[in-house]
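Okay, so here's the structure we're looking at.
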Amino acid sequence: MSRWVVAGAPGLKAGAPGGPDGPAGRIVKYVPAEVVSTYTLIYTALVNFKFDATQAKWTTVFLIVLFLILTLIYVARSTTGSVRTAHLIVSPFAFVAWAYPISSSILGDFFIGFVAFVLQVIVLVLSLFIKP
């Protein structure tokens, strides 16, 4: 099983072994799990540093932006062709849709639940409609 979304080709049926990924497969594969797990590890360490609330909040914002950039670099270096294009569109949204709610306890008033929900809906919709 490929880590990246498998592109469709003429004559391949979605869901067939070795065929292109269907909607559920795309939703899972567009999430940059390697980046999200590393972000979560560093975020957890950050929580233990006991920064004051303002410093912790801005450090978390910085981490989200840094890892968003790292997501773009990781996808660009690891993929090619239409798969790269699809991942460069969806994976950054998917990273933020995961990292933002994970960070909610430190973000405080920067965290808005409705925004987290909208980000997750955007990722679902993009995953359903963007096929490499």
Hey, Leu119 hits all of (1) crowded, with 17+ Cβ neighbours inside 10 Å; (2) closer than 20 Å to Val6 by Cα; (3) in contact with a helix residue (DSSP H, G or I) (Cβ under 7 Å, 6 or more places away or on another chain) but one; which does it fall short on? (2)
Quick test of your reading of the structure: Pro92 fulfils all but one of (1) more than 24 Å from Gly8 (Cα to Cα); (2) surrounded by 12 or more Cβ atoms within 10 Å (Cβ to Cβ). Name the failing condition by number. (1)
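Please determine, by comparing only the residues of the stretch 95-114 that are β-branched (Val, Ile, Thr) and surrounded by 14 or more Cβ atoms within 10 Å (Cβ to Cβ), which one is nearest to Leu68 (Cα to Cα). Reasoning before the result, please.
Residues of the stretch 95-114 that are β-branched (Val, Ile, Thr), as a first pass: 96, 102, 106, 112.
Imposing the further condition that a residue be surrounded by 14 or more Cβ atoms within 10 Å (Cβ to Cβ) reduces the set to 96, 102, 106.
Details: Val96: 7, Ile102: 14, Ile106: 18 Å.
Going through the qualifying residues, I end up with Val96.
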Conditions (1) assigned to a helix (DSSP H, G or I); (2) more than 11 Å from the chain's Cα centre (by Cα); (3) at negative phi -> Lys131 fails only (1)
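Would you mind finding the one in Thr71, Thr40 that is out of contact with any strand residue (DSSP E or B) (no Cβ under 9 Å at 6 or more places or on another chain), over 24 Å from Lys131 (Cα atoms) and either of a type in the set (Ser, Thr, Tyr) or surrounded by 18 or more Cβ atoms within 10 Å (Cβ to Cβ) (or both)?
Values: Thr71 fails: over 24 Å from Lys131 (Cα atoms).
Sole residue among the options that is out of contact with any strand residue (DSSP E or B) (no Cβ under 9 Å at 6 or more places or on another chain), over 24 Å from Lys131 (Cα atoms) and either of a type in the set (Ser, Thr, Tyr) or surrounded by 18 or more Cβ atoms within 10 Å (Cβ to Cβ) (or both): Thr40.
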Under 8 Å between Cβ atoms, which residue pairs at least 6 apart in sequence (or on different chains) link something in the stretch 50-63 that is without any contact (Cβ under 8 Å) to a residue 12 or more places away in the chain with a partner that is β-branched (Val, Ile, Thr)? Phe51/Thr59
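Could you tell me which of the residues Lys57, Lys50 is touching a helix residue (DSSP H, G or I) at 6+ places or on another chain (Cβ under 9 Å), assigned to a helix (DSSP H, G or I), more than 24 Å from Pro23 (Cα to Cα) and of a type in the set (D, E, K, R)?
Working: Lys50 fails: assigned to a helix (DSSP H, G or I).
Just one listed residue meets the conditions, Lys57.
Each reported figure results from applying straightforward, stated rules to the coordinates on display, with no laboratory input. All figures in this text were calculated on a predicted structure; none of them were measured in a lab. Methodologically, a virtual Cβ is constructed for each residue, glycine included, from the backbone with ideal geometry; neighbour enumeration extends over all protein chains shown.
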